[in-house]
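Accompanying notes for the structure given below.
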Amino acid sequence: MANNFKSDDSFLRKLAVGAAGTNTTINRLKVMGFNPIELERGSTGFKIWKKIKIKRVRVPDILCLNTGMRFESRGKTKLEISMSHSLNDPKRAWDAGMRDDDLVSIVVFEQNDNSPIDLKQISPVHFVGVKEMRQAFVAGQVSITHPKGVEEGSEIRVMWTCAGANQQSVVTAVEPGRISLTHITEARKQSIQLSRSKGRITLLPQVNIGDTVETNQVVAAVVPVTTELRLPTSVSEAYFIDKLASVNLSERYAAAKALRYRGYTAAKPMLKARMIDADEDIYVQLEAAAALAVYDDPNGWEFIENKLRRPVMTVPLETQLEAVIVTSEIPKSRSEQLLVEVLRDSQRDDELRAGAAWALGQFASTTSATALVDTFNSSPLEIKVEAARALLRIAEPQIPHLIDLLRNGNPAKRDGISWVLARTGKFKPSDMVVGADENLRKWMSYIIGYGKDKFVRGDVEAICHTDPQVYFAASVLWQIVASWINDMRDY
């Protein structure tokens with residue numbers, strides 16, 4: 001079991017860095033005037049589905065709705081231009097599903113040892129053209145590395161050699177074979193040699209004399225690298241409609257997803273054709289259905305609901321889970337009701353119901369909050385965990401409702417609600433202590449004990465007079481939580 005936990009932790013770390021890379025790239029693109037959305041579902045988050053494995057369409061992570069440009073993001077913990085690759089499976093090649101005009105983004109993060117999701121950006125966002133990367137790959141201007149152990153998987157990595165600034169610096173010399181930098185804060189110099197691998201690889205300068213470069217900014221590489229992009233001419237809805245007929249699966253998938261935001265009247269016939277084509281990839285069908293359902297087209301809704309209401313014998317679990325996730329992206333009450341239906345159906349697969357709980361974290365309503373709370377006293381642990389996390393995401397506008405459920409609802413559901421309220425705060429805990437039953441007083445001790453920093457200090461101190469026993473129990477938790485032993489592990 002220890003090895004499994006280690007693998008999960010390692011995998012989570014990689015997912016978290018990848019998600020940070022995608023989200024940071026999206027934010028950077030917005031600053032430059034692009035209109036980006038997540039194209040590869042899941043690339044902006046790090047949810048791990050352990051039992052139901054979804055094999056999605058291989059597409060870049062990001063799509064610009066205005067220009068049609070696509071971006072594959074790569075979050076890194078050290079500065080390198082690298083991509084995973086397979087020598088034997090073309091579908092897992094480093095450039096599978098990508099066009100020459102796609103771009104790869106590279107951004108470096110510092111990852112907290114104690115929390116894999118605590119990341120600090122320590123480089124600019126770099127952009128590299130896939131066309132130039134392919135040219136360097138064919139020309140042999142790359143290095144290929146093999147995994148060090150079984151845990152890293154069987155994929156190799158292709159590396160396009162680059163060099164970066166150690167600190168914020170000014171470029172003081174760009175010479176044949178060498179670049180010189182002077183650090184701004186320490187006045188130290190950094191010299192970068194352009195000839196690598198015994199002369200087999202030559203780096204090309206990416207800077208000019210007088211340029212100011214940031215820490216971990218690429219200053220030389222075997223491919224052109226930039227931190228700024230020009231905004232090209234916008235494309236029309238017709239551009240994406242045309243892509244729906246492409247022979248390339250990734251193009252059809254991206255077009256169907258884009259048309260959820262870019263069109264309906266003109267695109268409707270083509271979207272419906274893709275959705276009902278039995279030979280079409282199921283994930284393109286689902287995207288086309290979602291593009292229709294967003295505009296309340298009954299054909300789109302019928303397709304999605306059939307995927308979620310039919311038995312596993314006819315609709316595989318991975319397709320049902322993808323349908324759950326797609327449904328969560330459609331901001332309609334019909335979506336919410338469909339997800340609640342899946343969550344409450346005890347005959348469904350536990351991870352599918354957990355997926356529905358996770359998905360309800362997109363709907364900040366009393367309907368979703370109540371459905372999530374209802375899992376706390378009877379559902380398997382994996383469902384309750386996802387329900388609690390989802391409830392936390394929508395808790396703030398639902399605080400009065402959650403307080404009412406905590407005070408007057410089933411005491412067996414108080415644990416999950418208390419976990420959420422302790423991490424949300426934004427109410428007067430002293431008001432709840434008055435007239436509380438014995439069980440509620442215990443959970444109030446937990447809420448105040450673990451959520452002390454989420455409450456106004458005066459409101460917490462008031463409990464000392466309202467209910468000294470609750471205050472004392474909470475103070476014991478304060479001491480434990482504040483101690484260095486609280487997060488210490490025995491391995």
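Points worth noting:
- Any hit, segment 193-206, residues being in contact (Cβ under 8 Å) with a residue 12 or more places away in the chain, closer than 30 Å to LEU65 by Cβ and assigned to a loop (DSSP other than H, G, I, E, B): yes
- Segment 231-250, residues that are of a type outside the set (Gly, Ala, Ser) and either over 19 Å from PHE34 (Cβ atoms) or not in a helix (DSSP H, G or I) (or both): LEU231, PRO232, THR233, VAL235, ILE241, ASP242, LEU244, VAL247, ASN248, LEU249
- Number of the exception - ALA163 against (1) among the aliphatic types (A, V, I, L, M); (2) surrounded by fewer than 21 Cβ atoms within 10 Å (Cβ to Cβ); (3) modelled with pLDDT of 95 or more; (4) not in a strand (DSSP E or B): (4)
- Of the candidates ALA436, ALA390, ALA369, the single residue that is touching a residue at least 12 places away in the same chain (Cβ under 8 Å), of a type in the set (A, V, I, L, M) and not in a helix (DSSP H, G or I) is ALA436.
- Among the numbered conditions (1) out of contact with any Gly (no Cβ under 9 Å at 6 or more places or on another chain); (2) surrounded by 18 or more Cβ atoms within 10 Å (Cβ to Cβ); (3) over 19 Å from GLY75 (Cα atoms); (4) without any contact (Cβ under 8 Å) to a residue 60 or more places away in the chain, the only one that PRO176 does not meet is (2).
- The residue list ARG188, ARG252, ARG200, ARG196 contains one member that is charged (D, E, K, R) and loosely packed, with under 12 Cβ neighbours inside 10 Å, which is ARG200.
- When ASP459, ASP453 are screened for being touching an Asp or Glu at 6+ places or on another chain (Cβ under 9 Å) and either of a type in the set (Lys, Arg) or assigned to a helix (DSSP H, G or I) (or both), only ASP459 passes.
- Residue among ILE37, ILE54 that alone is touching a residue at least 24 places away in the same chain (Cβ under 8 Å), surrounded by fewer than 23 Cβ atoms within 10 Å (Cβ to Cβ) and not in a loop (DSSP other than H, G, I, E, B): ILE37
- Just so you know, in segment 418-475 the residues that are closer than 16 Å to PRO400 by Cα and in contact with a Phe, Trp or Tyr (Cβ under 7 Å, 6 or more places away or on another chain) include one that is surrounded by the fewest Cβ atoms within 10 Å (Cβ to Cβ), and it is GLY425.
- Filter result for SER73 (polar (S, T, N, Q), touching a strand residue (DSSP E or B) at 6+ places or on another chain (Cβ under 6 Å), in a strand (DSSP E or B) and more than 30 Å from GLU386 (Cα to Cα)): no
- Inter-residue pairs, beta-carbon under 7 Å, first assigned to a loop (DSSP other than H, G, I, E, B) and in segment 92-104, second among the polar types (S, T, N, Q), 6+ apart: ALA93/SER86; TRP94/SER84; GLY97/SER250
- Residue within segment 122-145 that is of a type outside the set (Ser, Thr, Tyr), closer than 26 Å to TYR253 by Cα, in contact with a helix residue (DSSP H, G or I) (Cβ under 7 Å, 6 or more places away or on another chain) and not in a loop (DSSP other than H, G, I, E, B) present: no
- Single unsatisfied condition, ASP404 versus (1) charged (D, E, K, R); (2) outside any loop (DSSP other than H, G, I, E, B); (3) crowded, with 16+ Cβ neighbours inside 10 Å: (3)
- When every residue of segment 478-488 is checked against the conditions, at least one turns out to be in a loop (DSSP other than H, G, I, E, B), charged (D, E, K, R) and at pLDDT below 90.
- Condition check for ASP453: among the acidic types (Asp, Glu) and within 20 Å of ILE417 (Cα to Cα): yes
- For TYR264: the one exception among (1) at pLDDT 95 or above; (2) under 28 Å from the mean Cα position of the chain (by Cα): (1)
- Exactly one residue out of LYS47, LYS30 is assigned to a helix (DSSP H, G or I), among the basic types (Lys, Arg) and either more than 24 Å from SER143 (Cβ to Cβ) or not assigned by TED's automatic domain parsing to the domain that holds HIS126 (or both), and it is LYS30.
The values are calculated or read from the model by the stated rules, or taken from the named source; none is laboratory data. Computed from a prediction, not measured in an experiment: that's the story for all the values here. Positions of Cβ are generated from backbone atoms using ideal geometry, with glycine treated the same way; all protein chains shown enter the neighbour counts.
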